[in-house]
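The structure under discussion appears below in the form of C-alpha coordinates.
The values are calculated or read from the model by the stated rules, or taken from the named source; none is laboratory data. Model, not experiment: these values are computed from the prediction. Methodologically, a virtual Cβ is constructed for each residue, glycine included, from the backbone with ideal geometry; neighbour enumeration extends over all protein chains shown. Areas reflect the complete protein model, heavy atoms only, side chains present, ligands, DNA and RNA absent. Shrake-Rupley method; radii C 1.70, N 1.55, O 1.52, S 1.80 Å.
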Amino acid sequence: MRFGLREVIYVLLLLAMPASAYLTVFKQRAAADLTAKEEIVQVDDKIKRVSKATAAIPDLAAEITKLQSAIDHFQSMLPTDREVETLLKQVWETAGKHGLNTKSVRPDKIVPAAQYAELPIRMEIVGDFFGFYEFMREIEALPRITRMPKIEVERDGKEDVGQVKAKVTLSIFFEGEDSPPRS
(Lines give C-alpha, C1' and ligand atoms only; values in the text may rest on other atoms or scores of the structure.)
Protein backbone atom coordinates (compact mmCIF):
# COMPACT_ATOMS: atom_id res chain seq x y z
CA MET A 1 0.00 0.00 0.00
CA ARG A 2 1.21 3.35 -0.91
CA PHE A 3 0.83 6.54 1.18
CA GLY A 4 0.38 9.64 -0.83
CA LEU A 5 -0.52 13.13 0.09
CA ARG A 6 -4.21 12.25 0.10
CA GLU A 7 -3.79 9.43 2.60
CA VAL A 8 -1.60 11.55 4.91
CA ILE A 9 -4.25 14.30 4.97
CA TYR A 10 -6.90 11.65 5.66
CA VAL A 11 -4.94 10.22 8.62
CA LEU A 12 -4.27 13.74 9.98
CA LEU A 13 -7.98 14.53 9.75
CA LEU A 14 -8.79 11.30 11.57
CA LEU A 15 -6.34 12.24 14.34
CA ALA A 16 -7.60 15.85 14.47
CA MET A 17 -11.20 14.79 15.15
CA PRO A 18 -10.63 13.29 18.63
CA ALA A 19 -8.25 16.14 19.52
CA SER A 20 -10.81 18.79 18.57
CA ALA A 21 -13.56 16.84 20.36
CA TYR A 22 -11.40 16.77 23.49
CA LEU A 23 -10.76 20.52 23.33
CA THR A 24 -14.31 21.58 22.49
CA VAL A 25 -16.47 19.06 24.36
CA PHE A 26 -14.69 16.86 26.87
CA LYS A 27 -12.45 19.50 28.45
CA GLN A 28 -15.38 21.91 28.99
CA ARG A 29 -17.55 19.10 30.32
CA ALA A 30 -14.79 18.10 32.76
CA ALA A 31 -14.61 21.70 34.02
CA ALA A 32 -18.41 21.79 34.44
CA ASP A 33 -18.30 18.48 36.31
CA LEU A 34 -15.58 19.82 38.61
CA THR A 35 -17.68 22.93 39.33
CA ALA A 36 -20.73 20.77 40.03
CA LYS A 37 -18.70 18.58 42.40
CA GLU A 38 -17.49 21.68 44.28
CA GLU A 39 -21.09 22.92 44.60
CA ILE A 40 -22.16 19.49 45.87
CA VAL A 41 -19.42 19.61 48.51
CA GLN A 42 -20.54 23.11 49.58
CA VAL A 43 -24.21 22.09 49.80
CA ASP A 44 -23.26 18.94 51.70
CA ASP A 45 -21.26 21.08 54.14
CA LYS A 46 -24.26 23.38 54.63
CA ILE A 47 -26.52 20.38 55.22
CA LYS A 48 -24.11 19.06 57.85
CA ARG A 49 -24.00 22.44 59.60
CA VAL A 50 -27.80 22.74 59.57
CA SER A 51 -28.14 19.18 60.87
CA LYS A 52 -25.67 19.95 63.64
CA ALA A 53 -27.51 23.18 64.53
CA THR A 54 -30.93 21.54 64.52
CA ALA A 55 -29.65 18.69 66.67
CA ALA A 56 -28.82 21.26 69.35
CA ILE A 57 -32.46 22.47 69.41
CA PRO A 58 -34.67 19.91 71.13
CA ASP A 59 -38.02 21.06 69.69
CA LEU A 60 -37.42 22.76 66.36
CA ALA A 61 -41.12 23.35 65.58
CA ALA A 62 -41.66 25.13 68.90
CA GLU A 63 -38.56 27.25 68.32
CA ILE A 64 -39.77 28.24 64.84
CA THR A 65 -43.18 29.16 66.25
CA LYS A 66 -41.50 31.26 68.96
CA LEU A 67 -39.33 33.09 66.42
CA GLN A 68 -42.30 33.65 64.10
CA SER A 69 -44.26 35.23 66.96
CA ALA A 70 -41.28 37.53 67.65
CA ILE A 71 -41.21 38.52 63.98
CA ASP A 72 -44.96 39.17 64.04
CA HIS A 73 -44.53 41.30 67.18
CA PHE A 74 -41.90 43.50 65.54
CA GLN A 75 -43.89 43.75 62.32
CA SER A 76 -46.88 44.95 64.34
CA MET A 77 -44.66 47.77 65.60
CA LEU A 78 -44.03 48.96 62.03
CA PRO A 79 -46.67 51.40 60.88
CA THR A 80 -47.85 51.28 57.30
CA ASP A 81 -46.80 54.18 55.12
CA ARG A 82 -50.26 55.74 55.69
CA GLU A 83 -49.72 55.72 59.47
CA VAL A 84 -46.41 57.62 59.33
CA GLU A 85 -48.26 60.96 59.35
CA THR A 86 -50.13 59.89 62.48
CA LEU A 87 -46.88 58.99 64.19
CA LEU A 88 -45.32 62.29 63.13
CA LYS A 89 -48.32 64.16 64.52
CA GLN A 90 -47.94 62.20 67.78
CA VAL A 91 -44.27 63.27 68.02
CA TRP A 92 -45.25 66.90 67.34
CA GLU A 93 -47.96 66.79 70.03
CA THR A 94 -45.55 65.16 72.49
CA ALA A 95 -43.11 68.03 72.00
CA GLY A 96 -45.89 70.56 72.59
CA LYS A 97 -47.11 68.70 75.68
CA HIS A 98 -43.69 69.13 77.28
CA GLY A 99 -43.53 72.86 76.52
CA LEU A 100 -41.12 72.54 73.61
CA ASN A 101 -41.28 74.78 70.58
CA THR A 102 -40.72 72.84 67.37
CA LYS A 103 -38.89 75.27 65.07
CA SER A 104 -38.67 73.01 62.02
CA VAL A 105 -39.52 69.52 60.84
CA ARG A 106 -37.95 68.32 57.59
CA PRO A 107 -38.34 64.78 56.29
CA ASP A 108 -35.34 63.40 54.40
CA LYS A 109 -35.44 60.90 51.59
CA ILE A 110 -36.96 57.51 52.41
CA VAL A 111 -34.32 54.81 52.84
CA PRO A 112 -35.70 51.56 51.41
CA ALA A 113 -34.72 48.18 52.79
CA ALA A 114 -35.79 44.59 52.20
CA GLN A 115 -39.17 44.51 53.96
CA TYR A 116 -39.37 47.93 55.56
CA ALA A 117 -38.45 51.51 54.85
CA GLU A 118 -36.92 54.18 57.04
CA LEU A 119 -37.96 57.83 57.00
CA PRO A 120 -35.42 60.12 58.69
CA ILE A 121 -36.98 63.35 60.00
CA ARG A 122 -34.82 66.25 61.11
CA MET A 123 -36.36 68.35 63.87
CA GLU A 124 -35.19 71.50 65.59
CA ILE A 125 -36.63 71.89 69.08
CA VAL A 126 -36.23 74.74 71.54
CA GLY A 127 -37.36 74.66 75.15
CA ASP A 128 -36.70 73.73 78.74
CA PHE A 129 -34.13 70.98 79.29
CA PHE A 130 -36.39 68.98 81.60
CA GLY A 131 -39.20 69.20 79.06
CA PHE A 132 -36.76 67.98 76.40
CA TYR A 133 -35.73 65.13 78.68
CA GLU A 134 -39.36 64.07 79.23
CA PHE A 135 -39.98 64.37 75.48
CA MET A 136 -37.07 61.99 74.83
CA ARG A 137 -38.39 59.51 77.40
CA GLU A 138 -41.85 59.56 75.85
CA ILE A 139 -40.47 59.11 72.32
CA GLU A 140 -38.47 56.14 73.61
CA ALA A 141 -41.68 54.59 75.00
CA LEU A 142 -43.62 54.88 71.73
CA PRO A 143 -45.18 51.60 70.62
CA ARG A 144 -43.61 51.98 67.17
CA ILE A 145 -40.05 51.28 66.13
CA THR A 146 -38.15 54.56 66.03
CA ARG A 147 -34.56 55.53 66.61
CA MET A 148 -32.58 58.73 67.00
CA PRO A 149 -29.28 58.32 65.19
CA LYS A 150 -28.27 61.95 65.72
CA ILE A 151 -28.94 64.37 68.57
CA GLU A 152 -27.23 67.73 69.00
CA VAL A 153 -28.13 69.61 72.18
CA GLU A 154 -26.75 73.04 72.94
CA ARG A 155 -27.54 75.64 75.53
CA ASP A 156 -29.80 78.40 74.31
CA GLY A 157 -27.92 81.36 75.80
CA LYS A 158 -30.47 83.98 74.86
CA GLU A 159 -32.94 83.19 77.62
CA ASP A 160 -33.08 81.64 81.08
CA VAL A 161 -30.75 78.97 82.34
CA GLY A 162 -31.99 75.51 81.42
CA GLN A 163 -33.16 76.42 77.95
CA VAL A 164 -31.81 74.17 75.19
CA LYS A 165 -31.82 74.10 71.45
CA ALA A 166 -31.77 70.56 70.05
CA LYS A 167 -31.35 69.24 66.55
CA VAL A 168 -32.74 65.72 66.45
CA THR A 169 -32.86 63.22 63.61
CA LEU A 170 -35.73 60.83 64.28
CA SER A 171 -35.92 57.75 62.07
CA ILE A 172 -39.35 56.20 61.70
CA PHE A 173 -39.52 52.68 60.34
CA PHE A 174 -42.56 51.60 58.37
CA GLU A 175 -43.68 48.83 56.09
CA GLY A 176 -42.45 49.41 52.56
CA GLU A 177 -44.44 48.77 49.41
CA ASP A 178 -42.78 45.38 48.84
CA SER A 179 -43.36 44.08 52.37
CA PRO A 180 -45.47 40.97 52.79
CA PRO A 181 -49.02 41.45 54.12
CA ARG A 182 -49.52 41.04 57.85
CA SER A 183 -51.16 37.84 58.97
* **Rounded, prolate or oblate (a/c below 1.5 giving rounded, otherwise prolate when a/b exceeds b/c) for the chain by Cα gyration tensor** => prolate
* To do: Quick one: dipole size for the chain, taken about the Cα centre, charges +1 on Lys/Arg Cβ and -1 on Asp/Glu Cβ, in debye to the nearest 20.
  => 920 debye
* Structure fact -> Averaged per residue, the 1.4 Å probe accessible area of the chain, protein heavy atoms only, in Å², is roughly 76 Å²
* Would you calculate, for the chain, the mean residue ellipticity at 222 nm contributed by helices, counting each DSSP H stretch of 4 or more residues as -39,500 (n - 2.57) and dividing by all residues, to the nearest 500? => -16500 deg cm²/dmol
* Structure fact -> Sequence order, the stretch 19-29: Karplus ³J(HN,Hα) from phi using 6.51 cos²θ - 1.76 cosθ + 1.60, θ = phi - 60°, Hz rounded, Gly and Pro as x, gives 5, 5, 5, 4, 5, 8, 10, 5, 5, 5, 5
* Structure fact -> Projecting the Cα atoms of Ile125, Ser171, Ala32 onto the charge dipole of the chain, where Lys and Arg contribute +1 and Asp and Glu -1 at Cβ, the residue farthest towards the positive end is Ala32
